[in-house]
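Undergrad: Got a structure for you, questions after.
The values are calculated or read from the model by the stated rules, or taken from the named source; none is laboratory data. Remember, it's a predicted structure, so these values are computed and weren't measured experimentally. Virtual Cβ from ideal backbone geometry, glycine too; neighbours counted across all protein chains shown.
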Amino acid sequence: MHLFKPKYKAGDGKYRESNNYAVEFVVNGKRVVKSLQTPNLAAAEGKAKLLVTRTKEIGWDVLKPRLPGARLKGVQEFGELYRAFALNKEKPLGHHTIIKNIATLRRMAREMEVETVEEMVGKVAAWRSRQTKSPHSVATDLRSAASMFTEDARKYYVEAGWIVVDPFAGMKVPQAEIKPFEGYPLDDVRKLIEAAKKELKAKDEPAYAVFIMALCGGLRAQEAAWAQRTHLRANGLVVDSDPTLHTTKNKKTRFVPLPPSVVAELRTLGGKGAFLMADAPRKNGRKGPGRKRGYRVLKRLSAWLAGKGITADRPVHFLRKIFGSVVATRHGLFAARDYLGHGSVVVTEKHYTALLEKPVVDLMSDTSAA
């Protein structure tokens, strides 16, 4: 494979070098020269490698369409191409996942001050080093954006007539690590509840509602934000997974048993609205399925929790972990899995197994007594 800038004969009869790179390679004994339609060397190398690989895999058909990578004028246009791929997979992605991935890539492009995917090549590492967000949030952004350039996605783009460069190629995208929960003293939990009753309930009822649902029911922040009055039962709360409003992480509806005292407390919250967490609508906010509710409420609650000494990256989620740790230690990992809505007990085990007491099994005494 050879990259070069072809020469052309200008109007004055002189030969000049083209702005765009081309690639020359041999397949089945035939010499192929193909314009890569980009002046960016890194982008040209990426497109050339992909073109050569796909030509060998698919054959000459991949060379028939023009290489329109340079005509992807904006990340938005690429987002529509990705949407078509995500909806045509054997197992199509959910609406919220597609929107999140596209929005993440667009935001990264804006922060890099570029307009096309090609221009992102070589700039991801610098973007990463400038981030002031938590490592967890940066890792989430990288995984979300990089998921648009999987092997299957790139194959779809090529078969659709597009050669797309992967700006995340060669970068090790960190995987989410589950750190074992170290526990939180019950005496401190009681103090936290008393403080919330005195300071939050009267001054910030929406934040107090999320506090109760997260700490006493193990709901995720957005599960609490979308919980409705009709979801309350005499003995607990239904965490509804509704594709038209909000879906849970494992796409399943679950029931969380609650004591009468917590149910009674929740019934007093939310005013006359449908949601237990009352929240004024944001101006010009999106109203489509999967959008987030209560952003400002969650910010206020996080700040309040930080003032109470909770230093976790996600203070509201920390309340959920406190609930999960109590269920796991008192009723076992399988009960905690069901209460928390984990997709697998393996996830629950990684969170809470370090807190479980290891029983001493005395088979000698047991067998002699028998």
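Residue-by-condition table, conditions (1) aliphatic (A, V, I, L, M); (2) at pLDDT below 95:
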| residue | (1), (2) |
| --- | --- |
| PHE168 | no, yes |
| GLN175 | no, yes |
| PRO206 | no, no |
| LEU219 | yes, no |
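Undergrad: When you look at ARG106, is it under 17 Å from the mean Cα position of the chain (by Cα), at pLDDT 90 or above and within 24 Å of ALA312 (Cβ to Cβ), yes or no?
TA: No.
Undergrad: Are any residues in the range 226-243 surrounded by 17 or more Cβ atoms within 10 Å (Cβ to Cβ) and among the charged types (D, E, K, R), and if so, which ones?
TA: ASP240
Undergrad: Test LYS201 against the stated conditions and say whether it is under 15 Å from TRP304 (Cβ atoms), over 29 Å from the mean Cα position of the chain (by Cα) and either assigned to a loop (DSSP other than H, G, I, E, B) or touching a residue at least 12 places away in the same chain (Cβ under 8 Å) (or both).
TA: Taking the combined requirement at face value, the residue satisfies it.
Undergrad: Quick one: TYR184 ticks every box in (1) part of a loop (DSSP other than H, G, I, E, B); (2) modelled with pLDDT under 90 bar one, so which box is it?
TA: The one condition TYR184 does not meet is (2).
Undergrad: Does ARG267 fit the bill of being out of contact with any Gly (no Cβ under 7 Å at 6 or more places or on another chain) and among the basic types (Lys, Arg)?
TA: Taking the combined requirement at face value, the residue satisfies it.
Undergrad: Condition (residue is part of a helix (DSSP H, G or I), farther than 18 Å from ALA335 by Cα and of a type in the set (A, V, I, L, M, F, W, C)) applied to the range 212-219: is it met by at least one residue?
TA: There is at least one residue in the range 212-219 that is part of a helix (DSSP H, G or I), farther than 18 Å from ALA335 by Cα and of a type in the set (A, V, I, L, M, F, W, C).
Undergrad: On to the next question. Out of LEU319, LEU301, LEU333, LEU305, report the one residue that is in contact with an Asp or Glu (Cβ under 6 Å, 6 or more places away or on another chain) and either within 13 Å of ALA221 (Cα to Cα) or of a type outside the set (Gly, Ala, Ser) (or both).
TA: LEU333
Undergrad: With respect to the numbered conditions (1) among the aromatic types (Phe, Trp, Tyr); (2) in contact with a strand residue (DSSP E or B) (Cβ under 9 Å, 6 or more places away or on another chain); (3) touching a residue at least 40 places away in the same chain (Cβ under 8 Å), which one is the sole condition not fulfilled by TYR208?
TA: (2)
Undergrad: Starting from the range 103-127, keep only residues that are more than 13 Å from ASN40 (Cα to Cα) and part of a helix (DSSP H, G or I), then list their pairs with residues that are of a type in the set (Asp, Glu) and modelled with pLDDT of 90 or more whose Cβ atoms are within a distance under 6 Å, requiring at least 6 positions of separation or different chains.
TA: Once the first residue is more than 13 Å from ASN40 (Cα to Cα) and part of a helix (DSSP H, G or I) and sits in the range 103-127, its partners that are of a type in the set (Asp, Glu) and modelled with pLDDT of 90 or more give THR104/ASP141.
Undergrad: On to the next question. Failed condition for ILE193, given (1) β-branched (Val, Ile, Thr); (2) farther than 28 Å from ARG106 by Cα; (3) in contact (Cβ under 8 Å) with a residue 60 or more places away in the chain, with all others met?
TA: Every listed condition holds for ILE193 apart from (3).
Undergrad: Further, regarding this structure: Counting only residues that are closer than 17 Å to SER18 by Cα and out of contact with any Phe, Trp or Tyr (no Cβ under 9 Å at 6 or more places or on another chain), which one in the range 37-70 is modelled with the highest pLDDT?
TA: ALA42
Undergrad: Among (1) modelled with pLDDT of 90 or more; (2) in a loop (DSSP other than H, G, I, E, B); (3) of a type in the set (S, T, N, Q), which single condition is THR329 missing?
TA: Going through (1) modelled with pLDDT of 90 or more; (2) in a loop (DSSP other than H, G, I, E, B); (3) of a type in the set (S, T, N, Q) one by one, THR329 breaks only (2).
Undergrad: Could I ask something else about it? Looking at (1) surrounded by fewer than 17 Cβ atoms within 10 Å (Cβ to Cβ); (2) out of contact with any helix residue (DSSP H, G or I) (no Cβ under 8 Å at 6 or more places or on another chain); (3) at pLDDT 90 or above, which is the one condition that is false for GLY94?
TA: Here GLY94 meets the rest and fails (3).
Undergrad: Sticking with this structure for a sec: Taking the range 305-335, which residues are in contact with a Ser or Thr (Cβ under 8 Å, 6 or more places away or on another chain) and either in contact (Cβ under 8 Å) with a residue 24 or more places away in the chain or small (Gly, Ala, Ser) (or both)?
TA: The answer is ASP313, ARG314, VAL316, GLY324, ALA328.
Undergrad: Criterion first (small (Gly, Ala, Ser) and surrounded by 14 or more Cβ atoms within 10 Å (Cβ to Cβ)) does GLY217 satisfy it?
TA: Criteria met by GLY217.
Undergrad: Quick check on the range 78-100. Is at least one of its residues over 25 Å from LYS251 (Cα atoms), basic (Lys, Arg) and not assigned by TED's automatic domain parsing to the domain that holds GLY46?
TA: no
Undergrad: For residues that are more than 23 Å from GLU119 (Cα to Cα) and in a strand (DSSP E or B), scanning just the range 1-23, find the one that is modelled with the lowest pLDDT.
TA: Across the range 1-23, the extreme among qualifying residues is LYS9.
Undergrad: Which residue pairs have Cβ atoms closer than 7 Å, lie 6 or more positions apart in sequence or on different chains, and pair a first residue in the range 243-270 that is closer than 19 Å to VAL326 by Cα with a second residue that is acidic (Asp, Glu) and surrounded by 14 or more Cβ atoms within 10 Å (Cβ to Cβ)?
TA: Within 7 Å, the pairs are ARG254/ASP338.
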